[in-house]
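The values are calculated or read from the model by the stated rules, or taken from the named source; none is laboratory data. Model, not experiment: these values are computed from the prediction. Every residue, glycine as well, gets a Cβ built from its backbone with ideal geometry; the counts of neighbours run over all protein chains shown.
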Amino acid sequence: MAEALDNPTFSPAYQTPTSAQRRFALVVVVLQFVTCAIVAPFPTRVPRIDSFVPVILTIVFVADLITAVLLFSQSLIIASRALVVLANGYLFSALIVIPHALTFPGAFAPKGLLGAGVQSSGWLNFFWHLGFLVAVAGYACLRGERHRGDAVPTSALPVFFRSLAIQISLVCALTWAVTAGDTSMPRMFFDDLTPAPLIRYAAGTLVLISLLVLVLMRTHRMSVLDLWIAVAICMLISEMTLVTLGLTARFYLGWYVSRTLAVAFSSAVLIALLYEMASLYTPLQNAVREVKEADRAKSNFLSAASHDLRQPLQTLSLLQRALKEHIHGAEAGAILTEISRSIDTMGSMLNSLLDVSRLESGAVAPSISSFPVNAVFDVAADFSKLAEEKGLELRVVRSGLMIRSDQRMLEEMVRNLIANALRYTSRGKVLIGCRRADDKVRIEVWDSGVGMSEQDIARIFDEYYQGPQGPHSDGVGLGLAIVQRLGKLLDHHVAVHSVLGKGSVFSVEVPVTNESLVANHPSMPSPDVADTSFTGMILLIEDDSDVRRALDRLLRTKGIRALSAASGEEALALVTAKGMRPDLVISDYNLPGEMNGIESIEAVRVALAWRVPGIVLTGDIRLHVVDSVTAHGLSVVVKPVRADELLQLIRRCGCSAPTANG
């Protein structure tokens, strides 16, 4: 059902009528023809009710105007020119009844409120029906066009107001023509009540045109909307037939009946549209509910897939780092470096795929704060080794400016831009810096790589699109798409300028704050912990046996003592039953049993009666998971984590916390 939302047959304009709908429409047509046949033998004048005309035409105006608005909305949903033409027909019909009512003798004044004469209201009535039939004919001709499913509908208001201006101009022009030339117009009436012979020919012409329009509509398969338009035209034929045969005149019984039919004529399609929309409401609700359920299922699947796919990558990364301690030959070291690069590439591809899925599902919400722009530049350090291996100069020009953004998202944008620059640069340098532009800071990443042509620039932010390939290029073409989507989410303008063969520059505009980095955010030198050893005991909680063994082997190669558990309950037993006093707890987030990684570390803290430092390893990168970890004062590391980064984090935790065993 969900896919029906994008299906044009979900609209009454394309929906095939059921047998019951056809039978009901036939009954309506037969009844109105029978009604006309009954009143036809009684061409008797009945009491004149001058208020009858304004009331009837007011109903027609409201019904036709609402129908026009509904048709305009439908035309934009399914991008149909045919419906736009039909909507204009109903808009014209709604507007022209206004001057028709104002010129009708006795409606608002004895000779009409405009005081034009006896011919004006008759001719405006003729143009009213003629204009509607012309619009239906145009709709029937365009209805066979192929549905433009790839069209991007614009706002309904500009189309509606443009059509409104056209129809108002047309109605005003016709009104001026028939009122200014009332005395020179061919005579439809001798006086206010007595019709001239011409009125029969005019009505007969409308009957003939109506029949031709019905034939034209039958050239294509009838839709629900077509069915009720045909019913409306049949009502018009009944009304005009009475006039053509001379069986009615103003304020005769047949005239009252024909005026009433005009109301039915105007209301038939409106009632049908409202009914069909009401009948589609429940399926639409079901479709929306299914979309939401599918979105939740997709989110859960991505979470599970993220965890399961990152586990073997994490094992490979840890084993590669542990193996490095036993490799001394240059050739073996080079092979190990290539293995490391492949693992990093696999992790990067996985992150990109999951990031795009999260952005599509709307599961990412920015958290805006003020921070120094230098904090964003720090991500360049992650690429120093790659730049060195490629023989490139990776230069960062720092700044004292403060900016407002979501730091994590902005870092992700800059990280993708740097990775893209390094991927397509084989010689020269990559430069990261910023410059002030009024109330914005433009963060820029320059490279001396392969550059891009105008055709490539036009598509560079498309998903899975990859530009000119440089040496050792990899990835799946999602990095810049993620940058663009995050930029839109944060309202940060992303731009690119490139010269083919000379290089490119990507920029991100971020709001600047008036805070002083020196005064309010002094830079505190971070301790040098590169050579500081962790001498405490680590409690390792990991349910995946491969990852657990790889972590244990890595720690042992660094001389770090560790005990491992497969669940939070098992880890708690080591503390309560065996008296273990860890100085650091490293836990996976998704664990078997009743406790996840956060709850397991909190339980260990309660058992130890002190806030032992903790690190949570997770492959679940949903925002609420990461926020929950940091809210408990824990460090969070997304799998697959590089072994050196994990060891550095372990050392920092060892330096920042007292030792339980010391």
Open item on the list: Can you tell me how many residues within segment 87-110 are over 20 Å from Ala63 (Cα atoms) and without any contact (Cβ under 8 Å) to a residue 24 or more places away in the chain?
Closed with: 2
Task: Top-ranked residue of segment 299-324 - restricted to ones that are modelled with pLDDT of 70 or more and more than 13 Å from Lys639 (Cβ to Cβ), ranked as surrounded by the fewest Cβ atoms within 10 Å (Cβ to Cβ) - done: Leu323
Task: Within segment 409-440, tally of residues that are in a strand (DSSP E or B), of a type in the set (D, E, K, R) and farther than 16 Å from Val494 by Cα - done: 1
Open item on the list: Name the residue that is nearest to Thr67 (Cα to Cα), counting only residues in segment 160-180 that are of a type outside the set (A, V, I, L, M, F, W, C) and out of contact with any helix residue (DSSP H, G or I) (no Cβ under 8 Å at 6 or more places or on another chain).
Closed with: Arg162
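With in contact (Cβ under 8 Å) with a residue 60 or more places away in the chain and of a type in the set (A, V, I, L, M) as the only criterion, which of Leu584, Leu572 stands out?
Testing whether each residue is in contact (Cβ under 8 Å) with a residue 60 or more places away in the chain and of a type in the set (A, V, I, L, M) leaves just Leu584.
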TODO: Those residues that are touching an Asp or Glu at 6+ places or on another chain (Cβ under 9 Å) and either in a loop (DSSP other than H, G, I, E, B) or within 14 Å of Leu170 (Cβ to Cβ) (or both), I need them from segment 113-131; list them, please.
DONE: Ala116, Gly117, Val118, Gln119
- [ ] Spot the failing condition for Asp406; the list is (1) in contact with an Asp or Glu (Cβ under 8 Å, 6 or more places away or on another chain); (2) surrounded by fewer than 21 Cβ atoms within 10 Å (Cβ to Cβ); (3) over 19 Å from Ala495 (Cβ atoms), and only one is missed.
- [x] (1)
- [ ] Might you let me know whether segment 375-393 holds any residue that is of a type in the set (Asp, Glu) and touching a strand residue (DSSP E or B) at 6+ places or on another chain (Cβ under 6 Å)?
- [x] yes
Open item on the list: Cβ-Cβ distance below 6 Å, separation of 6 or more or different chains: which pairs start in segment 60-86 with a residue that is more than 11 Å from Ser163 (Cβ to Cβ) and of a type in the set (A, V, I, L, M) and end on one that is at pLDDT below 85 and assigned to a loop (DSSP other than H, G, I, E, B)?
Closed with: Leu76/Pro153; Ile78/Ser11; Ala79/Arg148; Ala79/Ala151; Ala79/Pro153; Ala82/Arg143; Leu83/Ala13
Task: Some residue of segment 60-70 being within 20 Å of His129 (Cβ to Cβ) and either modelled with pLDDT under 80 or surrounded by fewer than 16 Cβ atoms within 10 Å (Cβ to Cβ) (or both) - done: yes
Task: Selection within segment 158-187 - assigned to a helix (DSSP H, G or I) and farther than 30 Å from Leu76 by Cβ - done: Trp176, Ala177, Val178, Thr179, Ala180, Asp182, Thr183, Ser184
Open item on the list: Considering only residues that are over 17 Å from Gln484 (Cα atoms), among the aliphatic types (A, V, I, L, M) and in contact with a Gly (Cβ under 8 Å, 6 or more places away or on another chain), which ones fall in segment 431-468?
Closed with: Val450, Met452
- [ ] List every residue pair whose Cβ atoms sit under 9 Å apart, with the two residues 6 or more apart in sequence or on different chains, where the first one lies in segment 406-424 and is on the phi > 0 side of the Ramachandran plot and at pLDDT 85 or above and the second, anywhere, is of a type in the set (A, V, I, L, M) and not in a helix (DSSP H, G or I).
- [x] none
- [ ] Only residues that are touching a Leu at 6+ places or on another chain (Cβ under 9 Å) and of a type in the set (Lys, Arg): list them for segment 417-455, please.
- [x] Arg427, Lys429, Arg436
Open item on the list: Criterion first (at pLDDT below 90, of a type outside the set (Val, Ile, Thr) and either within 23 Å of Gln320 (Cβ to Cβ) or not assigned by TED's automatic domain parsing to the domain that holds Gln455 (or both)) does Ala565 satisfy it?
Closed with: no
